[in-house]
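The values are calculated or read from the model by the stated rules, or taken from the named source; none is laboratory data. Please read all numbers here as calculations on a predicted model, not as lab measurements. Please note: Cβ atoms are built from the backbone with ideal geometry, for glycine as well, and neighbour counts cover all protein chains shown. Surface areas here come from the heavy atoms of the whole protein model, side chains and all, with no ligands, DNA or RNA. Shrake-Rupley method; radii C 1.70, N 1.55, O 1.52, S 1.80 Å.
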Amino acid sequence: MIRKISIDPVTRLEGHGKIEIFLDGNGAVQDTFFQIPELRGFERFVVGRPIEELPRIVTRICGVCPASHHLAGAKAVDGCFGNEVAPLAHKLRDMYYHAHYIHSHIAHFYALAAPDFVLGPTSDPATRNVLGVVAKVGLKIGGAVIAARGKAQEIQRIIGGRNTQDIWCLPGGVAKGLKPEELAQIRPWVDELYDFVQFSLKLFKDVVLGNPAYVDIILNGPYKLDVHSMGLVDENNAPNFYRGKVRVVDFEGKEICKYSPNEYAQHVAEHVEPWSYLKFPYLRKRGWKGFTEGIDSSLYCATPLARLNVADRMATPQAQERYEEMFSTLGGHPCRALLANHWARLVEMVQNAEMLKRYCQDPEITGDKVRVVPQKITGEGVGIVEAMRGTLTHHYTCDERGICTSANLIVGTTNNNAPIQMVTRKVASALIKPGVEPDQGILNMIEMGFRAFDPCYSCATHSLPGQMPLDVRVLRDGKVIHHFRRPA
Amino acid sequence: VADRKFQIAIYWGAACGGCDVSILDTNEFILDVDRLCDIRLWPIAADGKYKDIEALPEAALDVAIMNGAVRNSENEHIAKLLRRKSKILVAYGSCAYMGGIPGLANLVPREEIFERAYLNNPSLEPGNRTIPQAEASVNGYTLAIPKFYHRVYKLDQVVDVDYYVPGCPPQPDQCKAAILALVGALSGTSPAPPKGSVVGASDHALCQDCKRTRAEKKIRCFYRPWEIIPDPEKCLLEQGILCAGPATRSGCGVRCPSSGIPCRGCYGPLPNVVDQGAKLLSAVASVLDSKDAEEIARKMLPDVAGYANRYSVPASLLQRSHRR
């Protein structure tokens, strides 16, 4: 007798996600499927558009991380024009992107991750949200969170003209530079963000690391996968979010490959399943081996923790200290404990804040040579950035008039599609046992597995209610025998 | 303001999440919204919430704010549910209002979208012939995903809409203005805007608010944005860069032209204009310095539909593309 539990929808990736859990007659988990029920067709409908328009079209893939798509698109378009780019434009784009990271990571940490830790994974769902977090840590901190995220958005608007739905990049650079008076306006905000990031780390230490039960869940819970890590690194193998090479390291720390953006298709391939619109990337040279773990697995994660796993060091001194502290607490580098992604996100923000400070001190940053007019159309480009939610690849081709002839996109969360399937199954199998009816606490703990990835469907909880509503049905012979819901 | 809290729902269809971020970007105002309203659903409905909403009496919600276009069977189902359960339904953002960027998909056949995604691109698994199905059988289990429609619809092609808030995304101050207008109307402190109104935007063209100077000059030649570095003070259109300002409703704060980037029309058409793209082409024709049809055709830009109806293909006179 097969019973089915549906979690529909969990939250979104460009739409919605849905988990189906099938139980056998005894109530043990037989199989699980994490389905993505949406497709919008960007790769096809950008064909025929002028290639320089793409960076301002593809931002609509995701309005939560539009800057990632804008910059990956801009770099792919730079490639189509022979990669002639004003050097100052690269600096400004990088600066802009650090502010975007901080905005996104703050939203994720406080609205999504914090409720599970500050209030507890099985706490009352009615208050297990960001308002509950604010109630516990104080309204003053709640206000500070709103203000800090708002400042990070405003810094982007000042540098690039807009925040959500970016327009700023053109082939060869950016449309506007940063004026000295604009720099003067954002400088104190950068200092505030730096302090806020330090504060967030302290909060994490006090609340999470100070509680042995949480540390136990992180290190010894079912939230572990024996798959590899992917991330963008600079020439010193330190994380770089805007440019560099993609490095893949196995879970024992050995480098599997390191490739330039234009080599991506030799290293990554995408498997298709009939039951989900979202594809399943894997390491091409190892071949698709199904949803399997192990040192020979062809699967990888692309997350904040994965980025620190592939990095030999951080790019800035404070971040380096925090990185060392994190891995020594977690028992060494690299780390497979998926819940450590929440910590990794904070360590990344330290680098973001230090880099922003560095750019604010850069005497060249207010220069006016922010764009060169390209002299030739070479017809093909691959742009890779680290989106907050994973390595993001845009590959475009165009004809001699600069009209797009093809586009291929491997989006951040997509990289994690197979690991998310696997952790969902693993946690469900560990927690739902014969004779144990799954309650809201158990279902929330299943969600904590994929929530660690900050999949784009967690945008749902990037909002104030901060709570993914759930509906669970247990079916026997097509009849609902058990039904409860968790309100938002 | 009122003796009870307003019941509101915020939901998305085929959308990117940018509309929800625009609401978050009102920053501290969100706390006022929370004070005035019970947010029954936001920003994304779950099945449980569908059930909660389904269990409500008809018109139990004061306001439902829906962003995103209608691309699949699930989007349509929820749009209809929210319509039944709410007194006021607001189409929020360019996708709900006009189809938006996802609406560009109406220029290509559905089959080609699937071909490109699953059968023909450089990173697919070698030899893949699998295409996702609305209903699939795996190891004896039946798994369903929503049906992907042949075209994208704007919200009012599927349900009756009371108000429209344009923008991709709406600017946070306009979002605030629109919410305050609705709260005022609901609490009787200000008159309700007439049904079908565009709220949170102006009634005049973007050019009227643009700081760039115009010389009423005719243009002989178009440039694509990458081909020249435009003068920072002068009208972009007069410099030969196609800008949708003359055919677009103002309200966005002129952020794109102020940053040296031409408008692509996300705030939608001016009042009483049926097709924003047709209006733009007629505005451009009036500044073209030529009467020779062939010369004009030569000077015209590529991808006229993609420029002129960037955000409004489903709302335009253009029909969707068919495969023969």
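A few comments on the model shown:
- Projecting the Cα positions of B:S190, B:T213, B:T130 onto the charge dipole of the stretch B:106-260 (unit charges on Cβ atoms of Lys, Arg, Asp and Glu, taken about the Cα centre) puts B:T213 furthest along the positive direction.
- FRET efficiency for A:E437 and A:Q375, using Cβ-Cβ distance with R0 set to 60 Å, rounded to 0.05: 0.30
- Charge dipole (the protein assembly as shown, unit charges on Cβ, about Cα centre) - positive-most of B:A305, A:C62, B:A9: B:A305
- With a 10 Å cut-off around each Cβ of A:405-417, the average count of Cβ atoms from other chains is 1.
- Gain upon complete extension [A:E364, A:E252; 0.36 nm per residue less C-alpha separation]: 36.2 nm
- Kyte-Doolittle mean at least -1.0 and Cα axial length at least 15 Å: DSSP H helices in chain B: B:172-186, B:276-287
- Gyration tensor verdict on the stretch B:42-149 (Cα atoms; rounded if a/c is under 1.5, prolate if a/b is larger than b/c, oblate otherwise): oblate
- Alpha carbon centroid spacing (whole Å) that separates the stretch A:151-202 from the stretch A:350-395: 13
- Qualifying trypsin sites (Lys or Arg not before Pro) for the stretch A:291-380 [loop in DSSP, other Cβ within 10 Å: at most 12]: A:K369, A:K376
- Partner chain coverage, peptide A:47-53 - average Cβ within 10 angstrom: 6
- FRET efficiency estimate (nearest 0.05) - Cβ-Cβ, B:S197 to A:A147, R0 56 angstrom: 0.95
- Highest-first packing order for the peptide set B:91-103, A:189-201 is B:91-103, A:189-201, based on the mean count of other beta carbon atoms within 10 Å.
- For A:K289, the lysines whose Cα comes closer than 25 Å to its Cα, not counting residues fewer than 8 places off in the same chain, are A:K18, A:K224, A:K254, A:K258, A:K279, A:K426.
- Fluctuation leader among B:L180, B:L119, B:L155 - chain B, Gaussian network, Cα springs under 10 angstrom: B:L119
- Within the straight-line cut-off of under 30 Å between alpha carbons, the lysines reachable from B:K195 are B:K5, B:K49, B:K51, B:K80, B:K85, B:K87, B:K154, B:K176, B:K279, sequence neighbours fewer than 8 places apart in one chain being disregarded.
- Between A:H333, A:G294, A:P317, the Cα set farthest toward the positive side of the dipole of the stretch A:287-355 (charges on each charged residue's Cβ, about the Cα centre) is that of A:G294.
- Cα gyration tensor category, rounded, prolate or oblate, for the stretch A:266-409 with a/c compared to 1.5: oblate
- Near-label residues of the stretch B:51-72 by backbone N, under 16 Å of a point 7 Å along Cα→Cβ of B:D38: B:51-64
- Difference of contour (0.36 nm per residue) and Cα-Cα distance, A:A430 to A:T405: 4.2 nm
- Highest to lowest packing among A:395-401, A:98-104, A:408-414, scored as the average C-beta count within 10 Å: A:98-104, A:408-414, A:395-401
- Sorting A:441-448, A:387-394 by average packing, meaning the other beta carbons within 10 Å per residue, from highest down gives A:387-394, A:441-448.
- Total charge dipole magnitude, chain B, about the Cα centre, Cβ charges on Lys, Arg, Asp, Glu only, Debye to nearest 20: 580
- Area accessible to solvent at A:I295, 1.4 Å probe radius, in Å²: 60
- Placing unit charges on the Cβ atoms only, positive for Lys and Arg and negative for Asp and Glu, gives the stretch B:142-183 a dipole magnitude near 240 debye about its Cα centre.
- Extension gain for A:V215 to A:Q266 (0.36 nm times residue separation, less C-alpha to C-alpha distance): 14.4 nm.
- Anisotropy class of chain B from Cα gyration tensor, a/c 1.5 cut: oblate
- Compared with the dominant Cα axis of chain A, that is its longest principal axis, helix A:341-360 is turned about 20°.
- Averaged over the residues of A:157-168, the number of partner chain Cβ atoms lying within 10 Å of the residue Cβ comes to 6.
- When chain B is treated as a Gaussian network with alpha carbon springs shorter than 10 Å, the biggest mean-square fluctuation among B:T130, B:T248, B:T26 belongs to B:T130.
- Note on B:R129 and B:E58: with the Förster distance fixed at 41 Å, the Cβ-Cβ geometry gives a FRET efficiency of about 0.30.
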